[in-house]
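The values are calculated or read from the model by the stated rules, or taken from the named source; none is laboratory data. Remember, predicted model here, so these are calculated numbers, not experimental data. For neighbour counting, all protein chains shown are included, and Cβ atoms are generated from backbone atoms with ideal geometry for every residue, glycine included. To get the accessible areas, we keep the full protein, side chains included, count just its heavy atoms, and leave off ligands, DNA and RNA. Shrake-Rupley method; radii C 1.70, N 1.55, O 1.52, S 1.80 Å.
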Amino acid sequence: MTTITTRTVEYPADNLTMFGHLALPAGAGRRPAVLVGPEGTGLSDVERRRAEALAELGYVALAFDLHGGRYLSDPEEMLARCLPLLTDPGRMRDIGHAALDVLRAEPRADPGRIAAVGYGTGGAIALELGRAGVDLRAIGTVNALTTGRPGEAARIRCPVWAGVGSEDPIMPPAQREAFTAEMQAAGVDWRLTVYGGALHAFHHPPVDHTVRPGVGHHPRHAQRAWRDIVDLLAECLPVTD
């Protein structure tokens, strides 16, 4: 296994002190970089391990924070924070930009070669960075089929890949259609993968707290979604020595 290094990075965003998880690949040179956004519950060891897995592939990866170091295991508390956030593109962009600034400032990261991937609320933030016109090489999301303000998707300058479970009640077929219509109308290079039989947050390992109805882990599709993200990065943001 490739030797990587990790550290916690503190930075301000959304009137909070955020605690991101930075993972660096072996070596000393600059590498392409990836922002990793968590589900609405917040940054956990799941996203930290994903950032580390990307570092093992040669990327500088930053798993960013949503709630000032807190993990919101109570569904009602999570919804109370995330639902207003998801209706406020400016706040989402501010959170994303703050993390992006940290990543760009990392000496090992190539600021001209950055991608954003995210899950749920973190994926919505990745999409809003694209709609804000940020220079990204790729955007990858899982169960984050959010639509933006009219016309702003035309600012997206990179391929977009989105994954969703076919049985996700939070991202139903009507939401899929609205998202793909927005991408198509904007001329975005987009792809949507529907994972048969999967619920919302199917990518996330089982948790020991209450979850919303319609949420459930699907081990096979979780592995497939991860491979799809890795393939997206390999296509759009290859690691070269």
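Summary table
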{"read-out": "Rounded to the nearest 20 debye, dipole of the chain from Cβ charges on Lys, Arg, Asp, Glu", "value": "440 debye"}
{"read-out": "Carbon/sulfur fraction of accessible area - the range 14-84, other protein chains in place, 1.4 Å, %", "value": "50 percent"}
{"read-out": "Within-11-Å neighbourhood charge of ARG70 [Cβ basis; K, R +1; D, E -1]", "value": "-2"}
{"read-out": "Å³ per residue enclosed by the Cα convex hull of the chain", "value": "112 Å³"}
{"read-out": "R0 of 22 Å, Cβ-Cβ distance THR8-ALA53: FRET efficiency to nearest 0.05", "value": "0.80"}
{"read-out": "Distance in nm between pseudo-label sites at ALA80 and ARG212 (7 Å out along the Cβ direction from Cα)", "value": "1.6 nm"}
{"read-out": "Inter-site label distance for ASP135 and GLN223 at 7 Å from Cα along Cβ, in nm", "value": "3.9 nm"}
{"read-out": "Sum of side-chain charges, LEU85 neighbourhood, beta-carbon under 9 Å (Lys, Arg +1; Asp, Glu -1)", "value": "0"}
{"read-out": "Quarter of the Cα convex hull surface for the range 1-125, i.e. its orientation-mean projected area (nm²)", "value": "6.9 nm²"}
{"read-out": "Cβ crowding within 10 Å averaged over residues, with 174-183, 207-216, 123-132 ranked highest first", "value": "123-132, 174-183, 207-216"}
{"read-out": "Cα-derived Rg to Rh of the range 143-238, Kirkwood definition", "value": "1.00"}
{"read-out": "Probe 1.4 Å, protein heavy atoms only - accessible area per residue of the range 1-128 in square angstrom", "value": "37 Å²"}
